[in-house]
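In what follows, a structure is listed as structure tokens, so that the remarks can point back to it.
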Amino acid sequence: MSTTIYFFTGSGNTFKVAKDISAQIEDTKLIQICKDNLSITSDTSSDKIGFVYPVYATGIPWMVKKFIENLKINKDTYIFSVASCGTNAGISVNQIDDILNRKGTSISASFEVLMPGSHQVMYDVPSKEIQMKCFNDEKVQVLKVSESIKRKELHKSNKAVGIKKSIDTFLYKSFFNPSDWDKNFWTTEKCNGCGTCSRVCPANNIDIVDAKPQWKHQCEHCMACMQWCPQKAIQYKKKTLKRGRYHHPEIKANELYKRDSSNMI
């Protein structure tokens, strides 16, 4: 019974969740959702398909939306989603299910895994205590999620409904326009032109010009460039000057360089 897990990641949180689920399920392939892999438009051979993603402004990243919209899937495929989030999945499950419904299918099961927040343009890095609690809880939750997936259990209890759905939809539509976010990135004198930001960017949105990053306004709002910069040189306006940085401690930056699906686990 083959399983393919498609994941989108910036801080490495969702990659960690996807890797841990993959380790519990036999015959599983991991494929990163990124610009290099948008050419994947069909998966009719997998018995189970999973989408693992971070929650942005209560919803799914735009690239995840585009990827699922373009992916041809058999109607009888067991489809699951796993939201990596700080509080809850918001309307992300609703969004994925709506896309699948237009294809004549639906989510079979959806899950949430709480992970440390990584949007440092809004808040500082969570404390080490909060991070460790998330990491420990993630191990327990992944085991439960994996067992449910192996048994092909049906589970969609985390869809947003009623007033919450209305509020979350308003927030997503009103505030989430990631393409123009990168106009406020800049670098301090600590930048040495190493190119890490360009390599980890899932949207291929950064070129290194004259030993400095240059953003191309195709930003996906993932903050990978800022979080993975070895010199902590990338800033957003002046909000991040006194804030820390976060990426999952068990994920290495070069693991996100291998974007070709043939190189994934």
Scope the stretch 209-227; condition out of contact with any strand residue (DSSP E or B) (no Cβ under 7 Å at 6 or more places or on another chain) and in a strand (DSSP E or B); matching residues: VAL209
Yes/no for GLY117 being touching a residue at least 12 places away in the same chain (Cβ under 8 Å), farther than 17 Å from TYR56 by Cα and either in a loop (DSSP other than H, G, I, E, B) or not assigned by TED's automatic domain parsing to the domain that holds LYS150 (or both): no
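Of the residues LYS65, LYS29, LYS48, which single one is under 21 Å from GLN218 (Cβ atoms) and basic (Lys, Arg)?
The unique qualifying residue is LYS65.
Of these, GLY50, GLY10, which one is in a loop (DSSP other than H, G, I, E, B), modelled with pLDDT of 95 or more and of a type outside the set (Ser, Thr, Tyr)?
Testing whether each residue is in a loop (DSSP other than H, G, I, E, B), modelled with pLDDT of 95 or more and of a type outside the set (Ser, Thr, Tyr) leaves just GLY10.
Restricting the search to the stretch 53-75, which residues are within 22 Å of TYR172 (Cβ to Cβ) and part of a loop (DSSP other than H, G, I, E, B)?
Just the residues of the stretch 53-75 that are within 22 Å of TYR172 (Cβ to Cβ), to begin with: 53-71.
Within the stretch 53-75, VAL55, ALA57, THR58, ILE60, PRO61, LEU71 qualify.
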Looking only at the stretch 1-28, and only at residues there that are farther than 21 Å from ILE60 by Cβ and not acidic (Asp, Glu), the one that is surrounded by the most Cβ atoms within 10 Å (Cβ to Cβ): THR28
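Would you check which residues across the stretch 92-114 are of a type in the set (Asp, Glu) and either more than 17 Å from the chain's Cα centre (by Cα) or part of a helix (DSSP H, G or I) (or both) and list them?
Hits for the stretch 92-114 are ASP97, ASP98.
The values are calculated or read from the model by the stated rules, or taken from the named source; none is laboratory data. Predicted model only: the values in this text are computed from it and were never measured. Please note: Cβ atoms are built from the backbone with ideal geometry, for glycine as well, and neighbour counts cover all protein chains shown.
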